[in-house]
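These notes concern the structure reproduced below.
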Amino acid sequence: MGNSRYRLRASVGIAFVIAMSGPDALAETPQGAGPSDASQIRPPADDAYSGEIVVTAQKRSERLSDVPLSITAATGADIARRGINSTADLAKVVPGFTYQLSNYGTPVFTIRGIGFYDVAMGTEPAVTAYVDQVPLPYSIMTRGTTLDLERVEALKGPQGILFGQNSTGGAVNYIAAKPTRDFHYGGEASYGRFNEYHVEGFASGPVSDTLTARLALRHEGGDGWQKSLTRPGDTLGRRNFTNGRLLVDWNPSSSARFELSVSGWQDKSDTQAGQFREFAPLPVNPGTQNVFDVMTMIPPAPERPRAADWTPGLPTRRGSHFGQISLRADFDMTDSIALTSITAYSELTAHEPFDNDGVAYDSFNTIVNDGKIKSFFQELRMAGTSGPLRWVVGGNFQRDSTRQFQVVQSESSKQAVGPFIFLLSTYSSNQQPTTVSAFGNLEYALTPNLTATAGLRYSAQDRKFNGCMGDAGDGNFANAIAFIATGISGSAKTIAPGGCVTLDPSTFEATLVRSHLNEDNLSWRVGLNWKLGPNQLIYANVTKGYKSGAYSILPGAVTTVFDPVTQESLLAYEAGFKTGLPGLPVRLSGAAFYYDYRNKQLVGFGDVPVFRTVPKLINIPKSRVYGAELELSGRPLPHLNISSGITYVNSRVEKDPRAPALTLTPFGAPTSYVGEAFPNTPRWQAVGDAEQTIPTSGSISFFAGGSITYRSSAQAAFGGAPQFRIDPYTLIDLRAGVQDVDGKWRVQIWGLNVTNKYYWINVGRPIDSVSRYAGRPATYGITASVRY
């Protein structure tokens, strides 16, 4: 990936050379949605919910009510009102969407129970995010995506035909606000509890007759919100985040269009500390009796949102930055055929130390957690219409390089082997996946109201890997593993300080693990949709999707720990409807679905030579998911805007993984996963939002509103251990204020989690301790915004 042919100049050059255009040009632009319309900047204050949302879920502009897929969409104005500042916050908007913070800080996104929990930065998710159809292929890249948005679309179920593999759970497509033909500008400032603040602004307008541009910038800051249980006055959770985006649109002719995007972010915020719940030691070695004595005296953290602890003096501050450049080029080849190219290059540098154990003691701390990810992406597609037929064909090429390196400092009950005691160890993982795919999709109008759809995508991926567990340079860990290898093999073994300590079980020599995974698959979709009227749609789809195989970053004492998981597949059956309600500007939609899930990927346990039970990636051969959802939005009464949704998801493991994989509880006890629900998959989720506007006789109006988010209980891991239960919770947000009736300015006071509900989003067991990761406590503040 370091080859210069994949650098930024190639990203821009390729797309300029390949003339292009998109299927959006084939669809009629809805009235009022053009880039020069001021309503795109900010809808009138009392009119944000009244118009039909236009989406690009099928890579062309369509009314939301005309798309035969389950989609939740929200406008940029709605997102700003509700305090949605990250992809994690979409759980407040999208029923069926969940967010989980992994034990090493990697975000995990799930839709309808389909997601991939892994701690590695460089593992592709099962729910992939996009900005203007440009992929953010790794979840850690998704920070800052909510900056200056026109809307966000959450597509549920496998989206592999048009979006590619690694979207078996779904896809989240952020649509940035576009440059305008007239000059517009605006800004927003907010201040709240913990001295948290953000300031942002944008400017948009013409540069020449054929060139328009839009620049948006945002900075977030604040003090710590977590409080140390052992050091009064010491806090954690400081915020220092900056991001920006520059969009430039060039229209040299009526048939050629180019869209350049340059975006990036820098994050120097604190990572989050866990809340210690209990000491769960491994077998105690005489050399670590002191660890046992200390840890047994530490009480569990109080069940309060801010209560936590971390080791003083160890790093907790991020030092991460991300940049992406993309170019979309469009060319109308004829009146009915268009060509599109999207070229992108993304690069992430991450430094994210993490205190995993939730105590002020070196039980388990990731003092170095560094990563480097580079990704080059190219899509070329052609779309057209011919009578009753609408078609699109195209191909993708993606080449990535991901590197992650960790240094763990630990005084756990396992950090001794014979006479050797070690405190530091390292873990490394380097992957280079290359993916090539070709796809096509057809829609044929059997009658004016009945349409059949069919699509295929063939994907082939070649993935190279190298990695190992290693000594930190002091030689202690190397000596300990060499002691084990010598005892088992019967011959003297030595390992150099700073080298790999992963053992080849056939020779008991330490080695760097090298591996290779080559897979391909064929995704497909068939469906029917029936338009009963202008705002009524019934649809049914059958879809097959895939997520690519993967390696992870693991404590690989032997080479077989690094064996990859193979690709997983999802066969989805879904039927749904979309309709307006008679006499009301209200939209109602619903869907029922059934998923046949094969080879679900999981960080579980394996039985390996010498060390027996160790963490390992495994495949669960067979599972199933079924459920239903219902969404309602619009204006049932004058000046009252609502949006709501509810989702039911029933997930179940049907067959245990095969040997050498083991089915264990988080405490190492044998069990069976059959019959268990997936981790972090609540059966019920519900979201709701309402805002009442109170008009006056003048140019201002008052408003009051609020949101509610509910999820039922779930388990953070397989095994049913009560310590890993995530209790149900309900969160309430409130807001009220005054605004200009034309949407030019708005001032609101707000409160998030106003009841100060204590809840947690994950539970982990880093070696000797069980710790929770709590949600944010009550926060409140004031926000002012202007748009002109």
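Observations on the model:
- Amide N proximity, segment 429-463 versus ASN518 label position 7 Å along Cα-to-Cβ, cut-off under 20 Å: 431-438, 458-463
- Relative contact order for segment 90-145, counting Cα pairs under 8 Å that sit 6 or more residues apart, in percent: 23
- Under Karplus coefficients 6.51, -1.76 and 1.60, residue-wise ³J(HN,Hα) of segment 438-453 in Hz, glycine/proline x: 9, 9, x, 9, 10, 10, 10, 7, 5, 9, x, 10, 10, 10, 9, 10
- Using 0.36 nm per residue and subtracting the Cα-Cα separation, the extra length available between SER386 and SER672 on full extension is 97.5 nm.
- Helix axis angle, 476-489 relative to the chain longest principal axis, alpha carbon, degrees: 70
- Mean accessible surface per residue for the chain, computed with a 1.4 Å probe while every protein chain stays in place, in Å²: 36
- Inter-part distance where segment 144-195 and segment 356-379 are each reduced to a Cα centre, Å: 25
- The distance separating the Cα centre of segment 395-409 from that of segment 542-593 comes to 22 Å.
- For segment 464-470, 3J(HN,Hα) computed residue by residue from phi via the Karplus equation (6.51, -1.76, 1.60; θ = phi - 60°) reads 9, 9, 9, x, 5, 8, x Hz, glycine and proline entered as x.
- The modelled label-to-label distance for the pair LYS268/SER336, using points 7 Å beyond Cα in the direction of Cβ, is 5.8 nm.
- Estimated vicinal HN-Hα couplings, Hz - segment 716-731 in sequence order (Karplus 6.51, -1.76, 1.60; Gly, Pro = x): 7, 7, 5, x, x, 5, x, 5, 9, 6, 9, 5, x, 8, 10, 10
- Accessible surface of the chain [probe 1.4 Å, protein heavy atoms]: carbon and sulfur percent: 59
- Protection-proxy order for peptides 150-160, 378-388, each taking the mean of Cβ atoms within 10 Å per residue, highest first: 150-160, 378-388
- Percent RCO, i.e. relative contact order, over segment 665-788, from Cα pairs under 8 Å lying at least 6 residues apart: 21
- Estimated [θ] at 222 nm from DSSP helical runs (n ≥ 4, -39500 (n - 2.57)) normalised by residues in the chain, nearest 500: -1500 deg cm²/dmol
- Our estimate of slack between ALA438 and ASP742, defined as 0.36 nm per intervening residue step minus the Cα-Cα distance, is 104.8 nm.
- Taking each residue as 0.36 nm, the span from ASN650 to TRP530 lengthens on full extension beyond its C-alpha to C-alpha distance by 40.4 nm.
- Our note on the geometry: Cα centres of segment 448-516 and segment 727-788, 41 Å apart.
- Helix axis angle, 8-17 relative to the chain longest principal axis, alpha carbon, degrees: 30
- For the peptides 351-362, 498-509, the ranking by mean Cβ contacts within 10 Å, running from highest to lowest, is 351-362, 498-509.
- The alpha-carbon of LYS578 sits under 16 angstrom from the alpha-carbons of these lysines, leaving out residues fewer than 8 places away in its chain: LYS156, LYS531.
- For ALA177, nonlocal amide neighbours, meaning residues 5 or more places apart or on other chains whose placed amide H falls under 5 Å from its own, are LEU149, GLU150.
- Inter-label distance, LYS622 to SER208: 6.4 nm, where each label sits 7 Å from its Cα along the C-beta direction.
- Aspartates and glutamates with Cα under 15 Å of LYS622, excluding same-chain neighbours fewer than 8 positions away: GLU568, ASP596, GLU654, ASP656, GLU676
- Rounded to the nearest 10 Å², the accessible area of LEU522 at probe 1.4 Å: 80
The values are calculated or read from the model by the stated rules, or taken from the named source; none is laboratory data. Predicted model only: the values in this text are computed from it and were never measured. Backbone-built Cβ (ideal geometry, glycine too); neighbour counts: all protein chains shown. For accessibility, only protein heavy atoms count, side chains too; no ligands or nucleic acids. Shrake-Rupley method; radii C 1.70, N 1.55, O 1.52, S 1.80 Å.
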